[in-house]
Amino acid sequence: MKCKSTGVQGRGVLVDLEKHYKHERKIVGYNELLEALDDQTATVRPGDLLCLYTGFADLILSMNKQPDGEVLANSCAVLDGRDERLLQWITDSGIVAICADNFAVEACPAREGSGDSFPGLPLHNHCLFKLGIHLGELWYFAELAAWLRTNNRSSFFLTAPPLRLPGAVGSPATPVATV
């Protein structure tokens, strides 16, 4: 039996968090995300791929193959996976993916949860296991973000097929934006 490999494809919406926070470490919850969307006059529709540009990948690349873990751990915006309003917005929005230029999309480690047991990465738990929403990490958005800023846009066509790795259990995507 041959395995098929498919990717995700559709309308991408880039939220330019780097524009708001530069390389400052910022835990972004529901209010901050909606404020950024409103500031960009961006609309998220069911079926969209939500892309978060934080500048994190740019920061890594600027370190010339000598990454400083301390600097990276304390830089750039990340989503607050414990923000219940944010998780509900993700559910209600109907998005099919969240892709970010950082290494986990959400703050890692997450804020302490309540109760005796809780997921270490609550946004991952919510998206992957409860909703089936794809998560993309360490994507490179700098050139796309610059083009979208210049042209006062936030949406584009996104194709993200997996890298073909026969026999592997997972695969990085090889995304391409069309504007």
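The values are calculated or read from the model by the stated rules, or taken from the named source; none is laboratory data. Bear in mind the structure is a predicted one, so any value in this text is a computation, not a measurement. Cβ sites come from the backbone with ideal geometry, for glycine too, and all protein chains shown count toward neighbours.
Overview of results
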{"quantity": "Selection count, segment 36-81, where residues are over 22 Å from ILE133 (Cβ atoms), surrounded by fewer than 21 Cβ atoms within 10 Å (Cβ to Cβ) and either touching a strand residue (DSSP E or B) at 6+ places or on another chain (Cβ under 8 Å) or charged (D, E, K, R) (or both)", "calculated": "7"}
{"quantity": "Residue among GLY132, GLY94 that is modelled with pLDDT of 95 or more, on the phi > 0 side of the Ramachandran plot and out of contact with any Leu (no Cβ under 9 Å at 6 or more places or on another chain)", "calculated": "GLY94"}
{"quantity": "Among residues of segment 152-179, those that are surrounded by fewer than 15 Cβ atoms within 10 Å (Cβ to Cβ) and outside any strand (DSSP E or B), counted", "calculated": "13"}
{"quantity": "Residue check, LEU17 more than 30 Å from ARG164 (Cβ to Cβ), at pLDDT 95 or above and crowded, with 20+ Cβ neighbours inside 10 Å", "calculated": "yes"}
{"quantity": "Every pair of residues 6+ apart whose Cβ atoms lie under 6 Å, when the first sits in segment 22-45 and is closer than 25 Å to ARG111 by Cβ while the second is part of a loop (DSSP other than H, G, I, E, B)", "calculated": "HIS23/GLY55; HIS23/CYS76; ARG25/ASN74; ILE27/ASP80; ILE27/ALA107; GLY29/ASP80; GLY29/ASP83; TYR30/ASP83"}
